[in-house]
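Okay, structure first, notes after.
The values are calculated or read from the model by the stated rules, or taken from the named source; none is laboratory data. None of these values were measured; they are calculated from a predicted model. With ideal geometry, Cβ positions are generated from the backbone for all residues, glycine too; neighbour counts draw on all protein chains shown.
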Amino acid sequence: MILLHLALDDTDSHKGGCTTYVAGRLLKYLIDNYNVVFQDYPLLIRLNPNIPWKTRGNAAVCLRFELKIQNLKTFYKRITKFFDSIVKEGLPHSDPILIALEGEIPQVFAEIYMAALRYPLNPRYIYSQVSQYCSFIHYYRSIRGIVGGVSAIGSLLLEDHTYELIAYRKRENWGKPRKINTLSVLEMDKACSSQTFNNVDPETKRVLIAPHGPDPVLFGVRGESPSAVLKSLHFIKVEEPIDSWVIFRSNQGTGVHLPTHPVPISSLQLYQSVFIRGKITQKPQIYKGGHVFFELSDHSGEIKCAAYEPTGSFREVVLKLKEEDVVSCYGGVQQDRYSNSYILNLEKLEVNYLTRKYVRRPPLCVNCGIRMTSRGLHQGYICKKCGAISYAPDVVTVKRDLEPGIYLPPPRAHRHLSKPMKRYVFDSKKWRGFNPSFDWFHFPP
């Protein structure tokens, strides 16, 4: 038996297609035609969400399996031919790539995965680092997808991970409105909420499990275990046939793209996923369009931070910040369209310290217990009832309508990798191995 890692990326485009769908087709082809023993669920790996040249979700997929075969060259020829037959429909709007690796995974693959979560990477450089290890790298016009493919192979997901059950449409329904019963999704969310996430937006009641584009996906439910997402399938009512479904293991909802230690503002790079900590130097203000901006500084520099209109109630939290507050800001570095400076698009906010604001007011009379009145500038205070004089005002701390802690946008504004609030109460689970006897896919006969 030969251990193989088969990764694919860039099979989708803004006009359609879906990398997970192609992975599902490859999965069925392997099961139908070869003696394969899968070592893991298909891995659905999201990467840096700030990359401007990504298609939609910036995802790649890896299939890990053992294969009993005599002639690997023939297998590679056949698998690439089948891959071509699926992805050709997405051309010329995509740059599909298929990568194979045999045996143990070199450390450089894991290093590339971690870097691809947070930085833009040069595909040609990645090619130079991994081509010597790969059995083949099959691509069309460019090798741009090599970053995602290599990262998917290098993503072992030994620590925190989630699952997603993705159901696919019959081909004749691609591009047509999806017919999903909204009430059934709300019922599913209520019944499965403890072990699934981001099914429904709580502010708008908008259903989040279904995409809106012409791709083959009917819906996808994300959760903490294969059994949790499979359970959800029994609640969802659709008015069109489900063609197939597959359970993927994923880094979605883990927040793994955000660093655990702050970096200096002066070191920020364009399109980087970052965590910075500093003081508010210009209080938040709301601008035309409903966007909220404020200035943050640390020992090395200053940057504008943004909470855009789609983040909904998150902006209300941001507007409560004041100058001198200390906060941790997480998100993506982009170019400010109105200047040559960078801007940080907020994905998560942690309030570390709230500056105290004080007000002076007339003291209470020690004799009468009533509030004294001012006698004039620098003349102290007088009690109108008994005539007592005082020169010391009461100094009162202004209560802030904000508490230290973590604040997130509503689920409808989350990135695929964003960690939902409900997952912060979970201990990050470790990978305990693959159970091949569990129902993790369904294909038509």
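Looking across the stretch 122-145, the residues that are at pLDDT 95 or above, among the aliphatic types (A, V, I, L, M) and either surrounded by fewer than 18 Cβ atoms within 10 Å (Cβ to Cβ) or touching a Phe, Trp or Tyr at 6+ places or on another chain (Cβ under 8 Å) (or both) come down to Val130, Ile137.
If I go through the stretch 351-398 residue by residue, how many of them are touching a Ser or Thr at 6+ places or on another chain (Cβ under 7 Å), among the hydroxyl-bearing types (Ser, Thr, Tyr) and under 30 Å from Glu316 (Cα atoms)? So the count comes out to 1.
Screening Ala152 with (1) under 30 Å from Pro106 (Cβ atoms); (2) in contact with a Ser or Thr (Cβ under 6 Å, 6 or more places away or on another chain); (3) surrounded by 20 or more Cβ atoms within 10 Å (Cβ to Cβ) gives one miss only, at (2). Looking only at residues of the stretch 246-270 that are of a type in the set (A, V, I, L, M) and assigned to a loop (DSSP other than H, G, I, E, B), we find that the one that is surrounded by the most Cβ atoms within 10 Å (Cβ to Cβ) is Val256. In this structure, is Glu324 within 34 Å of the chain's Cα centre (by Cα), surrounded by fewer than 16 Cβ atoms within 10 Å (Cβ to Cβ) and of a type outside the set (Gly, Ala, Ser)? Against the criterion (within 34 Å of the chain's Cα centre (by Cα), surrounded by fewer than 16 Cβ atoms within 10 Å (Cβ to Cβ) and of a type outside the set (Gly, Ala, Ser)), Glu324 qualifies. Filtered by the rule that a residue be among the acidic types (Asp, Glu) and touching a strand residue (DSSP E or B) at 6+ places or on another chain (Cβ under 7 Å), the stretch 316-349 gives Glu323, Glu324, Asp325, Asp336, Glu347.
In the stretch 362-379, of all residues being of a type in the set (A, V, I, L, M, F, W, C) and out of contact with any Pro (no Cβ under 7 Å at 6 or more places or on another chain), the one that is surrounded by the most Cβ atoms within 10 Å (Cβ to Cβ) corresponds to Cys365. Pairing each residue of the stretch 142-168 that is in contact (Cβ under 8 Å) with a residue 40 or more places away in the chain and farther than 17 Å from Glu102 by Cα with any residue that is among the small types (Gly, Ala, Ser) and part of a strand (DSSP E or B), provided the two are 6+ apart or on different chains, yields C-beta distances under 6 Å for Gly148/Ala60; Thr162/Ser250; Tyr163/Gly223; Glu164/Gly220; Glu164/Ser250; Ile166/Gly220; Tyr168/Ser244. Those strands (runs of 3 or more DSSP E) of the stretch 271-378 in which 1 or more residues are of a type in the set (Asp, Glu) and either closer than 27 Å to Val256 by Cβ or at pLDDT below 95 (or both) occupy 342-353.
Residue pairs whose Cβ atoms lie under 8 Å apart, sitting 6 or more positions apart in sequence or on different chains, and linking a residue in the stretch 39-51 that is farther than 13 Å from Ala152 by Cα to a partner that is at pLDDT 95 or above and of a type in the set (Asp, Glu), are Gln39/Glu66. Counting only residues that are surrounded by 22 or more Cβ atoms within 10 Å (Cβ to Cβ) and part of a strand (DSSP E or B), the stretch 221-244 holds 3 of them. Residues that are under 25 Å from the mean Cα position of the chain (by Cα), without any contact (Cβ under 8 Å) to a residue 40 or more places away in the chain and over 30 Å from Tyr113 (Cα atoms): does the stretch 302-313 have at least one? Yes, the conditions are met somewhere in the stretch 302-313.
Do the conditions hold for Phe426, that is, is it hydrophobic (A, V, I, L, M, F, W, C) and either closer than 30 Å to Leu26 by Cβ or surrounded by fewer than 10 Cβ atoms within 10 Å (Cβ to Cβ) (or both)?
So Phe426 fails the test.
Listed here are the residues, each with its yes/no results for (1) within 21 Å of Asn48 (Cα to Cα); (2) part of a helix (DSSP H, G or I); (3) of a type in the set (Asp, Glu).
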{"position": "Asp401", "(1), (2), (3)": "no, no, yes"}
{"position": "Ile406", "(1), (2), (3)": "no, no, no"}
{"position": "Pro409", "(1), (2), (3)": "yes, no, no"}
{"position": "Arg415", "(1), (2), (3)": "yes, no, no"}
{"position": "Lys429", "(1), (2), (3)": "no, no, no"}
{"position": "Arg432", "(1), (2), (3)": "no, no, no"}
{"position": "Asn435", "(1), (2), (3)": "no, no, no"}
{"position": "Phe438", "(1), (2), (3)": "no, no, no"}
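Across the stretch 152-200, the number of residues qualifying as more than 14 Å from Lys237 (Cβ to Cβ) and either part of a strand (DSSP E or B) or among the aliphatic types (A, V, I, L, M) (or both) comes to 15.
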